[in-house]
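Worksheet: the structure to be examined is printed underneath.
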Amino acid sequence: MIVARDNFLFKACSLGMIDSMTNKANLPDFMKLWNYNDPIETETKFRELLPLAVSSGDHSYHAQLLTQIARTFSLRSQFAEAHTLLEGVRDMLSDDMKLARVRYLLELGRTFNSSNQQNLAMPIFIEASELASTIGEESLAIDAIHMIAIAERDPIKQVEWNLKGIEMAVASEKARAWLRALYNNIGESFLVLKDYVNALEHFRKLEAYEIERKGSADIFIKKDIAKCLRFLGNPENAADLMQNTLDELLSKTEDDGYIREELAEDLFALGKSDEAKIHFKRAFELLSIDGWYKTNGNLSRLEELSS
């Protein structure tokens, strides 16, 4: 049903079934409608804009909007639906629709990357970055570079790509918001490389950026800083940081398995096994129902050290 409706919209645009009197300048910024935590709600909002996009006569806007609807599908692992939409966008593109082509390439690359086809995603992201740079779309160029680093399997090359993105973001006031993702991702790559000094440096930069931007850093930045401190032989400061973070959460009647896990590891490294056991147990309770952790974490360790 969705595919049929979208095919009609592709045809409507290509056949000129539009009201050219609509003022293109009044078209809303669809990117402000994104809620990445709720792609279903976001899809609904985007689809509400589609009649206006078609009637506006702005083919580029229409195509760009469709790429974002495709992204809502790739975020839900509905890759066939995403590809169907993107194939329609590809057929809409003309040589002068360079911005729309950048967004098309980005979402095509993301769809391949999310479906574990990084070999197909990489050259698409590179093309998107180069094209975005040539048309002065710095933020989208950095978006593509940050995706190249994600698709890249070699952590050394991940660092290289993230450093390139950081350099671009620092130099561009409009694209500075990308520093959050780039500092985080390069920190994670340094952790994989066991380069804890550089990992800590970039997590500290992320912390400073967040404090400058919104007055405080989130709990997961603190967790990453604590992990680096522990690996660098300073579990006492790491435990203090995590205990303060947990106390703050509990004061708001909240809890978090990742914070519990790091606190437990810090206490365990200090030889405080009995105290650590309490937090390993709670971490296991919370993270055993966490989808990401069940795939990527170490539940067996949590269970073993909680008993």
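Pairs needed: first member in region 35-60, charged (D, E, K, R); second member anywhere, part of a loop (DSSP other than H, G, I, E, B) and at pLDDT 95 or above; C-beta distance under 7 Å; at least 6 residues apart or different chains.
Within 7 Å, the pairs are Glu41/Asn35.
Looking only at region 79-95, count how many residues are open to solvent by 60 Å² or more (accessible area, probe 1.4 Å) and closer than 18 Å to Ser115 by Cβ.
Initial filter on region 79-95 (open to solvent by 60 Å² or more (accessible area, probe 1.4 Å)): 80-81, 87, 90-91, 95.
Within this subset, residues satisfying the condition of being closer than 18 Å to Ser115 by Cβ are 80-81, 87, 90.
Qualifying residue count, region 79-95: 4.
If only one of Ala100, Ala121 is within 17 Å of the chain's Cα centre (by Cα), open to solvent by less than 10 Å² (accessible area, probe 1.4 Å) and modelled with pLDDT of 95 or more, which one is it?
Ala121
Which one of Glu127, Glu160 is surrounded by fewer than 20 Cβ atoms within 10 Å (Cβ to Cβ) and more than 20 Å from Asn185 (Cα to Cα)?
Matching residue, one of Glu127, Glu160: Glu127.
So that you can scan it fast, the table gives a plain yes or no per residue for (1) part of a helix (DSSP H, G or I); (2) closer than 28 Å to Leu206 by Cα:
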| site | (1), (2) |
| --- | --- |
| Asp96 | no, no |
| Leu99 | yes, no |
| Ala121 | yes, yes |
| Phe125 | yes, yes |
| Ile145 | yes, yes |
| Glu160 | yes, yes |
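If I ask for residues that are β-branched (Val, Ile, Thr) and touching a helix residue (DSSP H, G or I) at 6+ places or on another chain (Cβ under 6 Å), which ones from region 143-190 would you list?
Those that are β-branched (Val, Ile, Thr) and touching a helix residue (DSSP H, G or I) at 6+ places or on another chain (Cβ under 6 Å): Ile145, Ile148, Val159, Ile166, Ile186.
I'm told Ser307 meets every condition in (1) modelled with pLDDT of 95 or more; (2) assigned to a loop (DSSP other than H, G, I, E, B) except one. Can you identify the failing condition by its number?
(1)
The values are calculated or read from the model by the stated rules, or taken from the named source; none is laboratory data. Being a predicted model, the structure only gives us computed values, none of them experimental. Ideal geometry is used to build each Cβ from the backbone, glycine not excepted, and the neighbour counts take in all protein chains shown. Accessible surface is based on the protein model in full, side chains and every heavy atom, while ligands, DNA and RNA are left aside. Shrake-Rupley method; radii C 1.70, N 1.55, O 1.52, S 1.80 Å.
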